[in-house]
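The structure under discussion appears below in the form of C-alpha cells.
The values are calculated or read from the model by the stated rules, or taken from the named source; none is laboratory data. Everything quoted here is computed from the prediction, not taken from an experiment. Because the Cβ atoms are built from the backbone with ideal geometry, glycine has one as well, and the counts that use them run over all protein chains shown.
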Amino acid sequence: MLGDAHVKLNEGVLTMKHRIAAALIAGAVALSAPAVTSAHFILQKPASWIEEDRLGDPQKLGPCGGTSANPGMPTGVVTEVPGGELLRIKVKETIYHPGHFRVALAVLDRSELPADPEDVTKDGPNGKPWSVSGKVDPNPKPPVLMDGVFDHHKRLPGQEFDTYVKIPNINCDHCSLQIIQFMEEHPINPDGRFTYHHCADLKITANPRLPIDAGWPGQAKSKVRKKAKAKT
C-alpha cells in the first residue's frame, strides 16, 4: 500500500512539473510573438456621418466605416463648407498603431473614392498577411486631397492629429469627405484589410469670385451652363 502511494505521489509531482513546463513554454511563445492590437481613431472634425463609440467604432469597412455586422447609425449631420477655403481635420487615435492617414473627397457618389492604399505585406505569426507599409502618393490628385499625413511611429496614448485641407471650389449638396488610416505591423482584417475608415457629409458652395475647379465630377457642365446663361 505504501509503495503504491509513493508511486502515485511521484506521478503527481511529474504531472505538475509537466504542466508548469508547458505553461512556461506557452508564455515564452506568447512573449516572442508580436503584440496584436487593432488601431482605432475618432473623427472629431468635421462631424462623422455615423455615430461613433469611445473608440471610434464601427470603422473597419470601406469606404466610410461600419462593419459587415454593423453598418453604423447615420447622424444626419451635414457640414456646410465654402468652396476654395480651408477645412479643419482633427482625429484622435484611441488605440495606437504605426501608420499614416489619407483624405479624399467624393462629389456625386462614394464610388468615386479611391481604393484603400496598396499594401506591402509579410507572413505573420499565423501564416496570414501582416502589413509592412502602405503606398503614399507624394503628388495626390482628385479625388485625393492629402496623402501620407499624420505619419507616426511612436506610441502616445490618446494622440490627437490636427491639420487643414484645401476644399476645391465646387458646388455639391452632399459630398463625402473620407479620412482613412493605414495601419502598419497589423494582421489582416476581414473588413478593411489594413485600413480603418471614417467619412463626413459636406455641403460645398462655390465662391462666385473664384473659378470653378472643373476637374471635379459634375462641375464642368455646371460651368458651361452658367456661361450659356450669361450670353443670353
Quick one: ASN139 ticks every box in (1) among the polar types (S, T, N, Q); (2) farther than 23 Å from ILE50 by Cα; (3) in contact with a Lys or Arg (Cβ under 9 Å, 6 or more places away or on another chain) bar one, so which box is it?
(3)
Close pairs from the range 190-206: first touching a residue at least 40 places away in the same chain (Cβ under 8 Å), partner in a loop (DSSP other than H, G, I, E, B) and of a type in the set (Val, Ile, Thr), Cβ under 7 Å, at least 6 apart
ASP191/THR67; PHE194/ILE188; ASP201/VAL77; ILE204/ILE167; ILE204/ILE170; ALA206/ILE170; ALA206/ILE212
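Here's the yes/no breakdown for (1) surrounded by 13 or more Cβ atoms within 10 Å (Cβ to Cβ); (2) at pLDDT below 95:
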| position | (1), (2) |
| --- | --- |
| GLY66 | yes, yes |
| PRO74 | no, no |
| GLU80 | no, no |
| GLU85 | yes, no |
| PRO98 | yes, yes |
| ARG102 | yes, no |
| PRO114 | yes, no |
Taking strands (runs of 3 or more DSSP E) that fall entirely within the range 114-161, which contain at least 1 residues that are without any contact (Cβ under 8 Å) to a residue 40 or more places away in the chain and assigned by TED's automatic domain parsing to the domain that holds PHE194?
119-123
Condition first: in contact (Cβ under 8 Å) with a residue 40 or more places away in the chain and on the phi > 0 side of the Ramachandran plot. Now tell me which residues in the range 71-101 satisfy that.
GLY84, GLY99
Quick one: is ILE179 modelled with pLDDT of 90 or more, within 17 Å of ASP147 (Cβ to Cβ) and not in a loop (DSSP other than H, G, I, E, B)?
yes
Against the condition without any contact (Cβ under 8 Å) to a residue 40 or more places away in the chain and assigned to a loop (DSSP other than H, G, I, E, B), how does ASN169 come out, does it pass?
no
